[in-house]
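Have a look at the structure below, then the notes.
The values are calculated or read from the model by the stated rules, or taken from the named source; none is laboratory data. Everything numeric here is computed off the predicted structure, so don't read it as measured data. We place every Cβ from the backbone using ideal geometry, glycine too, and count neighbours over all the protein chains shown.
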Amino acid sequence: MRVTVIGAGAVGGALAALLDRAGHEVSVTARGDHAVALTESGLTLDGGFGAHRAGVAVVARVPADTRLVIVATKANDTAAALAGVDVPSGCPVMVLQNGLGGDELVRSVLPGSPVGVGLALFAASLVGPGRVTVTAAAPLVIGGDARSVAVALPVLRAALPERVDVSADIRGAQWTKLVINQVNALPAITGLSVQQTVADDRLRRVLGAAMAETVAVGAALGVSWQAIGPVDAAALRPLQAPGAEGVAAGEELARMLARGMGDVPNPASMLQSIRRGRVTEVDQINGAVAAAGRAAGVATPVSDAIIALVHEVERTAAFVTPADAATRVSTTQD
Ligand SMILES: NC(=O)C1=CN([C@@H]2O[C@H](COP(=O)(O)OP(=O)(O)OC[C@H]3O[C@@H](n4cnc5c(N)ncnc54)[C@H](OP(=O)(O)O)[C@@H]3O)[C@@H](O)[C@H]2O)C=CC1
Ligand SMILES: CC(C)(CO)C(=O)C(=O)O
């Protein structure tokens with residue numbers, strides 16, 4: 001079956017290689033040096049999902065015989081990446097993105113397509129043109145439009161070495177992932193890996209506060225937290241404690257997530273954008289928490305400060321020291 005991946009970077013590239021390994025015909029959209037390398041040498045995958053060299057077709061338009069489209073650009077690139085690629089009318093789409101709003105955007109651009117959501121719990125890095133490494137193997141959770149899930153589930157289950165679970169409440173799952181993805185911004189601000197961030201007492205406290213703030217906003221909106229990977233409603237309940245107790249529970253969650261990422265440094269997807277000189281997804285991840293906080297009447301000083309710091313690093317390309325980052329976020333909390 002032909003699967004077309006729009007945005008075959010870290011996550012999309014890992015899936016493209018796995019789908020090729022499972023015997024599918026795989027087309028990808030890509031740009032720049034990465035597109036050149038994919039055309040000339042194929043896509044090389046290594047790390048936690050095993051090694052594979054995939055032959056993928058780099059295309060400007062989605063081939064008409066495509067049976068499943070996977071959108072795996074950063075959320076902020078979605079609209080541009082879908083422009084002019086001519087997704088066949090009605091073709092099922094899976095949006096593999098963090099943050100909120102990616103699937104709604106795809107639905108508005110492709111009104112004829114059933115749109116599902118994929119939440120990758122594994123960690124992947126685009127380490128060079130045509131080269132993807134999985135730094136931590138973990139499951140995938142999918143949900144959303146039943147017609148998209150029905151097509152994607154058997155294909156993904158046969159291709160991925162880890163579990164592919166279906167969530168009946170994908171919005172709750174997206175919010176749960178949003179708590180996990182509070183680990184993304186501090187590496188983008190400081191240049192450190194997630195593991196180094198969590199090992200630093202000052203940064204871990206900021207991270208704990210960001211997680212507790214995300215849980216407070218989600219709770220105010222009535223989010224039903226879902227089990228994804230090691231995180232579920234019970235794991236998030238202690239983060240709802242007020243003040244320092246909620247922050248300390250967030251720090252514990254951060255430690256648990258970092259342990260699960262193992263020893264290979266994980267830059268998370270946001271630092272990878274900074275390293276490549278790209279605009280990050282901070283507005284779709286931390287910005288989503290701040291926007292929801294405004295709607296729910298919950299103040300989000302930690303998210304606001306983190307967003308400002310990430311935008312500063314995008315503008316200046318200069319990382320902020322852990323001490324400065326912690327001071328600038330905690331000042332806004334006082
Ligand atoms: N990396 C990870 O470990 C994880 C990431 N995620 C989420 O998955 C999503 C994808 O992240 P990730 O794989 O890290 O991102 P990447 O930046 O590695 O991959 C996205 C790819 O899309 C390409 N792209 C962007 N715009 C266009 C366009 N207009 N036309 C063609 N190609 C385009 C990018 O090219 P270019 O490099 O030129 O911008 C890049 O190769 C994000 O929402 C992220 O938060 C979820 C779980 C884990
Ligand atoms: C879970 C995590 C942090 C894996 O790297 C991720 O979702 C990301 O990098 O965007």
Exercise for review: Considering only the stretch 7-47, state which residues are of a type in the set (S, T, N, Q) and either within 6 Å of ligand 1 (Cβ to nearest atom) or in contact with a helix residue (DSSP H, G or I) (Cβ under 9 Å, 6 or more places away or on another chain) (or both).
Suggested key: Ser27, Thr29, Thr44
Review point. Applying the selection to the stretch 255-274, what residues are farther than 26 Å from Ala317 by Cα and part of a helix (DSSP H, G or I)?
Key: Arg255, Met256, Leu257, Arg259, Gly260
Point to revise | helices (runs of 4 or more DSSP H) completely within the stretch 1-97 that count 3 or more residues being touching a Gly at 6+ places or on another chain (Cβ under 9 Å) | key: 10-21, 32-41
Review point. Do you know which residues across the stretch 178-193 are crowded, with 23+ Cβ neighbours inside 10 Å and under 23 Å from Trp225 (Cα atoms)?
Key: Leu178, Val179, Asn181, Gln182, Val183, Asn184, Ala185
Exercise for review: Please tell me if Val320 is under 28 Å from Arg171 (Cβ atoms) and in contact (Cβ under 8 Å) with a residue 12 or more places away in the chain.
Suggested key: no
Check your understanding: Quick one: would you say Ala199 is away from ligand 2 (no atom under 11 Å from the Cβ), of a type outside the set (Phe, Trp, Tyr), out of contact with any helix residue (DSSP H, G or I) (no Cβ under 8 Å at 6 or more places or on another chain) and at pLDDT 95 or above?
Key -> no
Point to revise | Any hit, the stretch 140-158, residues being within 16 Å of ligand 2 (Cβ to nearest atom), in contact with a Lys or Arg (Cβ under 6 Å, 6 or more places away or on another chain) and within 15 Å of Gly229 (Cβ to Cβ) | key: no
Revision key, fill the gap. Residues of the stretch 280-298 being part of a helix (DSSP H, G or I) and either in the same structural domain as Ala75 (by TED's automatic domain parsing) or among the hydrophobic types (A, V, I, L, M, F, W, C) (or both), in sequence order, are Val282, Ile285, Ala288, Val289, Ala290, Ala291, Ala292, Ala295, Ala296
Revision key, fill the gap. Contact list, first residue from the stretch 205-229 and among the hydroxyl-bearing types (Ser, Thr, Tyr), second anywhere and surrounded by fewer than 21 Cβ atoms within 10 Å (Cβ to Cβ) and not in a helix (DSSP H, G or I), beta-carbon distance below 8 Å, six or more apart or interchain, is Ser224/Asp169
Study note, to complete from the structure: Condition set in contact with a Lys or Arg (Cβ under 8 Å, 6 or more places away or on another chain) and within 19 Å of Leu203 (Cα to Cα), scope the stretch 252-301, selection farthest from ligand 2 (Cβ to nearest atom): answer is Thr300
Check your understanding: List, please: which pairs have Cβ atoms under 6 Å, are six or more places apart or on different chains, and start with a residue in the stretch 103-131 that is not assigned by TED's automatic domain parsing to the domain that holds Met256 and end with one that is part of a loop (DSSP other than H, G, I, E, B) and among the β-branched types (Val, Ile, Thr)?
Key -> Leu110/Val87
Revision key, fill the gap. Checked Gly222, Gly277 against criteria (part of a loop (DSSP other than H, G, I, E, B), within 20 Å of the chain's Cα centre (by Cα), exposed (fewer than 14 other Cβ atoms within 10 Å of the Cβ) and not aromatic (Phe, Trp, Tyr)); the one match is Gly277
Review point. Hey, any hits in the stretch 264-282 for a residue that's at pLDDT 95 or above and more than 16 Å from ligand 1 (Cβ to nearest atom)?
Key: no
Exercise for review: State yes or no: is Arg67 touching a residue at least 12 places away in the same chain (Cβ under 8 Å), charged (D, E, K, R) and in contact with a strand residue (DSSP E or B) (Cβ under 9 Å, 6 or more places away or on another chain)?
Suggested key: yes
Study note, to complete from the structure: Those residues of the stretch 226-254 which are β-branched (Val, Ile, Thr) and part of a helix (DSSP H, G or I) amount to Val247
Study note, to complete from the structure: In the stretch 50-64, anything touching a residue at least 40 places away in the same chain (Cβ under 8 Å) and out of contact with any helix residue (DSSP H, G or I) (no Cβ under 6 Å at 6 or more places or on another chain) is listed as Gly50, Val59, Val62, Pro63
**Study point:** All positions within the stretch 118-152 that are closer than 19 Å to Ile170 by Cα and within 11 Å of ligand 1 (Cβ to nearest atom)
**Key:** Gly118, Leu119, Ala120, Leu121, Phe122, Ala138, Leu140, Val141
Review point. Assigned to a helix (DSSP H, G or I) and among the hydroxyl-bearing types (Ser, Thr, Tyr) - does that describe any residue in the stretch 155-173?
Key: no
